[in-house]
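Here, each number is a calculation from the coordinates, and none is a lab measurement. On a predicted model such as this, the values are computed, not experimentally measured, just so you know. We place every Cβ from the backbone using ideal geometry, glycine too, and count neighbours over all the protein chains shown.
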Ligand SMILES: [Fe+2]
Ligand SMILES: [Fe+2]
């Protein structure tokens, strides 16, 4: 902001435009990414992070860092798992507790009189040098604090570090306040999805909350990596990644339509039971049929196609347009690119997670054996491009696994 002398009218107009765009996003991670990106662009900040309130803690939820994060591995930093208590001891905790923004010119030169102190651990681990900080509570219009955004190392026109200036301190919180409502909505959407999943989980104990969180995140990251390789524009990637993650989380929601005697049966299914189980793909798709929203369409494609195979030996195969008319599965196989990409990615993510996690009826496989198994399925069970992308982002995949344990 210190680089250009834009008029307040222009700044406010830009803020409103961004808020309007934010309202079209559904997934909380996509919202946080956009909010942080805009706040950093407004203040020309090198880095930033967002913490979300969870009970009496602040959970580290999103991060950007232009200096440190590069290449295909950059996403792994998003899956760092830690929380800080909401109290006066940390800078973000203080901002959440008091509801006030904090402006710090140099994190290493605090007077010592403040109740909070700067935690150097992150800098020491990464070699980063935090200087100026602008810490803003994310407050909704009802004065509810949903999180804290921290902008780090503002730069001037020559890319030299500078303290945050008058305009930054005025406009960034204004933007943060308006964006908080969207963040709160994103959190609610995610919670509703998780509740839908809980419902499915109560029916099928194999389909746990952490499993669907992991599958959603794997799918989003594999998709992003594949799309970047293909040169798709970043804006489209972000939008698609947003809905894709939510839709992938609901891949098995159709299991609510399968009877308890089959679903909760310990041990192996008899052939006729396995045949009934296959219908969960159709039931899931039927839940989202006849809708026009992009999210619902993706949910339907993923629910229907996540057990299809690249070689056409999966299920349920091609079905009548009106799913209610489907009487038989696997009559006409569907293979290769006829299977929607979102379903091809989910298929791999779901199988990978099932193998690498322990479940009531099986131990977790060692990572090497799982990767070998996935490679074996390259071009038969799985789309070769999806397998390649998955292998290339193993660091990110591992970070996701560690974030959503259980
Ligand atoms: Fe399934
Ligand atoms: Fe699953």
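How compact is region 204-403 by the rule of thumb for globular proteins, expressed as Cα Rg over 2.2 N^0.38 Å? The partial results should precede the final answer.
Values: Rg = 16.3 Å, N = 200, 2.2 N^0.38 = 16.5 Å.
The reported ratio for this selection is 0.99.
Based on the Kirkwood approach, the hydrodynamic radius assigned to region 122-214 is 16.5 Å, with every pair of different Cα atoms included. Principal-axis analysis of the Cα atoms of the chain puts helix 394-403 at an angle of about 80° to the longest axis.
Just to check, using Stokes-Einstein with a Kirkwood Rh over alpha carbon pairs, what's the diffusion coefficient of region 158-288 at 10 °C and 1.306 mPa s in µm²/s?
Value of D from the Cα-based Kirkwood radius: 88 µm²/s.
When the alpha-carbon atoms of region 202-243 are used, the pair Rg, Dmax equals 13.4, 41 angstrom.
With a 10 Å cut-off between alpha carbons and a GNM built on the chain, which of 165, 379, 112 moves the most? In this elastic network of the chain, the residue with the biggest mean-square fluctuation among 165, 379, 112 is 112. Once you've got the GNM for the chain with C-alpha springs shorter than 10 Å, pick whichever of 75, 358, 347 has the biggest mean-square fluctuation. Highest fluctuation of the listed residues: 358.
Quick one: pull the percentage of alpha-carbon pairs in region 8-187 with a separation above 23 Å.
Working: 5905 of 16110 pairs.
Percentage above 23 Å: 37.
Averaged over residues, the count of other Cβ atoms within 10 Å places the peptides 391-402, 24-35 in the sequence 24-35, 391-402, highest first.
Exposure proxy check: 149, 196 ranked by fewest other beta carbons within 10 Å? Mind showing how you got there, number by number?
Numbers: 149 29, 196 16.
Ordered by Cβ neighbours within 10 Å, fewest first: 196, 149.
Here the Debye sum runs over all C-alpha atoms of region 86-135 as equal scatterers in vacuum, and log10 of I(q)/I(0) at q = 0.24 Å⁻¹ comes out as -0.94.
Distances between every pair of Cα atoms in the chain, grouped in 10 Å steps from 0 to the bin holding the largest one, split as 4, 21, 29, 22, 14, 7, 2, 0 percent. Working note: 222 nm ellipticity from helices only, DSSP H runs with n ≥ 4, each -39,500 (n - 2.57), summed and divided by the residues of the chain, gives -15500 deg cm²/dmol to the nearest 500. In region 94-174, Cα pairs under 8 Å separated by at least six residues give a relative contact order of 31 percent. Under the criterion of Cα pairs below 8 Å and six or more residues apart, the relative contact order for region 282-384 equals 25 percent.
For the chain, the longest principal axis of the alpha carbon atoms and the long axis of helix 209-230 meet at an angle near 80°.
Defining a contact as two alpha carbons under 8 Å apart and six or more residues distant in sequence, what relative contact order in percent does the chain show?
On the way: 687 pairs, mean separation 59.2, N = 406.
Result for the chain is 15 percent.
Once the Cα atoms are used to define both axes, helix 8-22 deviates from the longest principal axis of the chain by about 20 degrees.
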